[in-house]
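To start, the structure itself, in structure tokens.
The values are calculated or read from the model by the stated rules, or taken from the named source; none is laboratory data. Everything numeric in this text was worked out from a predicted model, so none of it was measured. Positions of Cβ are backbone-derived with ideal geometry, glycine not excepted, and every protein chain shown enters the neighbour counts.
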């Protein structure tokens, strides 16, 4: 199979680093962590998170749409609208049947579920909202995006835990390769910063307990890391075939050139310490892109800031690439947004390739001696990037890797 490049012609981001792509990218480049004490989590053992700052769904989407949809959908819709505008596309004029939507999501509308469960217990059956199901189903984030943007082509949600956003972009590329669509809006969204969910992650031992200094809590690859900081957010990419983008004279930021996926088949929540599944997914993505390991200049790592994940991933990267690629994890700034993380990080990888700059890994003060890779820290690193990978791994051992390449000449 010959290499198949897909053009990224638009990006939309709504993250703890900022509302909008420009704001998010600027904060990520600055290495300024977003984690802060969260009033919603007051009284819990872990009472801090990474929330999207200053996002007003009613102002962005209008009162009626904001009322009838959940926060994870709010974030997705805002990101999708920005991405479409960035791509120079107009939903009122496109052929909606040729436009697909693929969005990753892990947990759905947990805020509404928790709130309505309280209503059910306190007021009985008659008090429960009839909007509960359409607000909380994971499928609705893609459904509402299609309704908002008149996209009547294939409509899918991928649920591969923390790899969901990356999986969505990989599946979207296959829809374009197979001729099912001419444009696909692909990415991920998550908004599950609720007391029940955050406390559950804390009970599992997955979250940092650095309550006295939350801004320093997410510290990928650092010797003193003790868990991730839970986050919310969304990122959507507009994907088109390169020839189609050029035909309409659309600027192309970078290309998605390869996709690989695998399963550890090892444990419900822990990665396989051998790194076999991680290496398998990276090898598959490189083969799909027709590239060798020595052609990768940059790795946007999953880098969760958990003790086991970071060492396992670093060993796999060292085995495959040696010490050459410049590695970063943006989770030091953004925290871990679960089903949206892979999409946010894919967007950052596209921006890194486009601009030739790798963001620093925030809070990396003393690199774990077991992590023998070139992790960018302190300040952004400028370098030409011909090809990069963005890696995402999730509970259930689900792995997804994207290859992002510079725009081909000609």
Hey, any hits in segment 145-164 for a residue that's over 15 Å from the mean Cα position of the chain (by Cα), outside the structural domain of residue 289 (by TED's automatic domain parsing), within 29 Å of residue 399 (Cβ to Cβ) and in a helix (DSSP H, G or I)?
yes
Residue check, residue 20 against (1) in contact with a strand residue (DSSP E or B) (Cβ under 8 Å, 6 or more places away or on another chain); (2) under 24 Å from residue 211 (Cβ atoms); (3) surrounded by fewer than 23 Cβ atoms within 10 Å (Cβ to Cβ), all met but one. Which one?
(2)
As an exercise: evaluate residue 147 against (1) under 20 Å from residue 302 (Cα atoms); (2) free of Cβ contacts under 8 Å to residues at least 40 places away in the same chain and give the number of the one condition it does not meet.
(1)
Failed item in (1) farther than 30 Å from residue 362 by Cα; (2) touching a helix residue (DSSP H, G or I) at 6+ places or on another chain (Cβ under 6 Å); (3) part of a loop (DSSP other than H, G, I, E, B), with residue 192 passing the rest
(1)
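So which residues in segment 195-209 are surrounded by fewer than 21 Cβ atoms within 10 Å (Cβ to Cβ) and in contact (Cβ under 8 Å) with a residue 24 or more places away in the chain?
The first filter runs over segment 195-209 and keeps only residues surrounded by fewer than 21 Cβ atoms within 10 Å (Cβ to Cβ), leaving 195-197, 199-206, 209.
Matches in segment 195-209: 195, 196, 197, 199, 201, 202, 204, 206, 209.
Can you tell which of 84, 14, 46, 102 is farther than 21 Å from residue 142 by Cα and either touching a strand residue (DSSP E or B) at 6+ places or on another chain (Cβ under 7 Å) or not assigned by TED's automatic domain parsing to the domain that holds residue 355 (or both)?
After ruling out the rest, the residue left standing is 46.
With respect to residue 350, is the statement that it is under 23 Å from residue 260 (Cα atoms) and part of a helix (DSSP H, G or I) true?
Values: under 23 Å from residue 260 (Cα atoms): yes; part of a helix (DSSP H, G or I): yes.
It is true that residue 350 is under 23 Å from residue 260 (Cα atoms) and part of a helix (DSSP H, G or I).
Take the conditions surrounded by fewer than 18 Cβ atoms within 10 Å (Cβ to Cβ), assigned by TED's automatic domain parsing to the domain that holds residue 171 and in contact with a helix residue (DSSP H, G or I) (Cβ under 7 Å, 6 or more places away or on another chain) and apply them to residue 220. Does it pass?
Working: surrounded by fewer than 18 Cβ atoms within 10 Å (Cβ to Cβ): no; assigned by TED's automatic domain parsing to the domain that holds residue 171: yes; in contact with a helix residue (DSSP H, G or I) (Cβ under 7 Å, 6 or more places away or on another chain): yes.
So residue 220 does not fit the description; no.
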Consider residue 3 against the criteria (1) at pLDDT 95 or above; (2) in contact with a helix residue (DSSP H, G or I) (Cβ under 7 Å, 6 or more places away or on another chain): it satisfies all of them except one. Which criterion is unmet?
(1)
The one condition in (1) out of contact with any helix residue (DSSP H, G or I) (no Cβ under 8 Å at 6 or more places or on another chain); (2) surrounded by 14 or more Cβ atoms within 10 Å (Cβ to Cβ); (3) within 30 Å of residue 174 (Cα to Cα) that residue 51 fails to fulfil
(3)
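Looking only at helices (runs of 4 or more DSSP H) that lie completely in segment 230-336, which have at least 1 residues being surrounded by fewer than 19 Cβ atoms within 10 Å (Cβ to Cβ) and in contact (Cβ under 8 Å) with a residue 12 or more places away in the chain? Give the steps one after another, and end with the answer.
On the way: elements: 242-247, 276-289, 307-321, 331-334.
By residue number, 242-247, 276-289, 307-321.
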